[in-house]
Amino acid sequence: MFKNISLGPLLLLLLMACVDEDTLPPGTQLMLNPHISLSHDSVFPWTANKSDGIELGVSKEVFMTGIQSLFIENRDSVNLNYGSWTQTYSGPMPAQGSTLELIAFLKGENISSVFPTSPRVYISFRIFPQSDSKGNTQGRSAGSDSYSFLEGDFDWTPIIITLDNFPSEADNISVNLGMLSGTTGKIYFDEITLTVK
């Protein structure tokens, strides 16, 4: 009764299921602890990178969701140092050609810069290694542009950064949330997601 069934379609479906099992499907979230609220005592895997005079910390009073947010503060207008929060993803990589979308929500208090034409905030992600085996560096990073000039007091504002055409030869992806040199005030970060589209 079953002698005439072709195994061709079944084998094709099996092969399709096995292809690209090491790459991530659309909709996959790459950031751990995007709400900064997995623990009261730790913001792991977010790490602080700071210079003298810059305060990096966790606010339990100001947050968008969850129980806390990250912040960077500089109170001294003559302090030209900078600070940032970083998280690195090193799991399975998105498929080559995929799109990545980074969204971070920011809230600012008295943000200004001693350099009026310079950016104040920088949100970015970078794919490592910084170049492939042929020496190509194109398409391995994306950062904020017009959002960089936020100033004064502002409520939770989404910053959206997209990288089309994810490159080959990727080992890890580093996300950076920073307050740039010459910026004063306090900036909060919450709801940070990096999604395969």
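The values are calculated or read from the model by the stated rules, or taken from the named source; none is laboratory data. Fair warning: this is a prediction, and the values are worked out from it, not measured in the lab. We place every Cβ from the backbone using ideal geometry, glycine too, and count neighbours over all the protein chains shown. Areas reflect the complete protein model, heavy atoms only, side chains present, ligands, DNA and RNA absent. Shrake-Rupley method; radii C 1.70, N 1.55, O 1.52, S 1.80 Å.
Just one of (1) in a strand (DSSP E or B); (2) open to solvent by 10 Å² or more (accessible area, probe 1.4 Å) trips up Phe189, so point out which.
Checking Phe189 against (1) in a strand (DSSP E or B); (2) open to solvent by 10 Å² or more (accessible area, probe 1.4 Å), the one that fails is (2).
Check the range 24-47 and report whether any residue there is assigned to a strand (DSSP E or B), over 22 Å from Glu101 (Cβ atoms), at pLDDT 50 or above and of a type outside the set (D, E, K, R).
Yes - at least one qualifying residue is present in the range 24-47.
Of (1) touching a Pro at 6+ places or on another chain (Cβ under 9 Å); (2) in a strand (DSSP E or B), Ser98 satisfies all except one. Which?
Here Ser98 meets the rest and fails (2).
Please enumerate the residues belonging to the range 59-95 that are part of a loop (DSSP other than H, G, I, E, B), out of contact with any Ser or Thr (no Cβ under 9 Å at 6 or more places or on another chain) and of a type in the set (Gly, Ala, Ser).
The answer is Ser90, Gly91.
Tell me which residues, restricted to the range 70-120, are more than 19 Å from Val43 (Cβ to Cβ), open to solvent by less than 40 Å² (accessible area, probe 1.4 Å) and aliphatic (A, V, I, L, M).
Scanning the range 70-120 gives Met93, Ala95, Leu100, Ile111.
Of all residues in the range 121-144, count the ones that are open to solvent by 50 Å² or more (accessible area, probe 1.4 Å) and under 17 Å from Ile187 (Cα atoms).
Residues in the range 121-144 being open to solvent by 50 Å² or more (accessible area, probe 1.4 Å) and under 17 Å from Ile187 (Cα atoms): 1 in total.
Polar (S, T, N, Q), in a strand (DSSP E or B), crowded, with 16+ Cβ neighbours inside 10 Å and in contact (Cβ under 8 Å) with a residue 24 or more places away in the chain: is that true of Thr184 in this structure?
Against the criterion (polar (S, T, N, Q), in a strand (DSSP E or B), crowded, with 16+ Cβ neighbours inside 10 Å and in contact (Cβ under 8 Å) with a residue 24 or more places away in the chain), Thr184 qualifies.
Which condition does Ser77 not pass, out of (1) within 25 Å of Val114 (Cα to Cα); (2) at pLDDT 95 or above; (3) of a type in the set (Gly, Ala, Ser), if it passes all the others?
Among (1) within 25 Å of Val114 (Cα to Cα); (2) at pLDDT 95 or above; (3) of a type in the set (Gly, Ala, Ser), Ser77 violates only (2).
Can you tell me how many residues within the range 164-193 are at pLDDT 95 or above, among the aliphatic types (A, V, I, L, M) and under 28 Å from Ser113 (Cα atoms)?
Residues that pass the stated criteria total 4.
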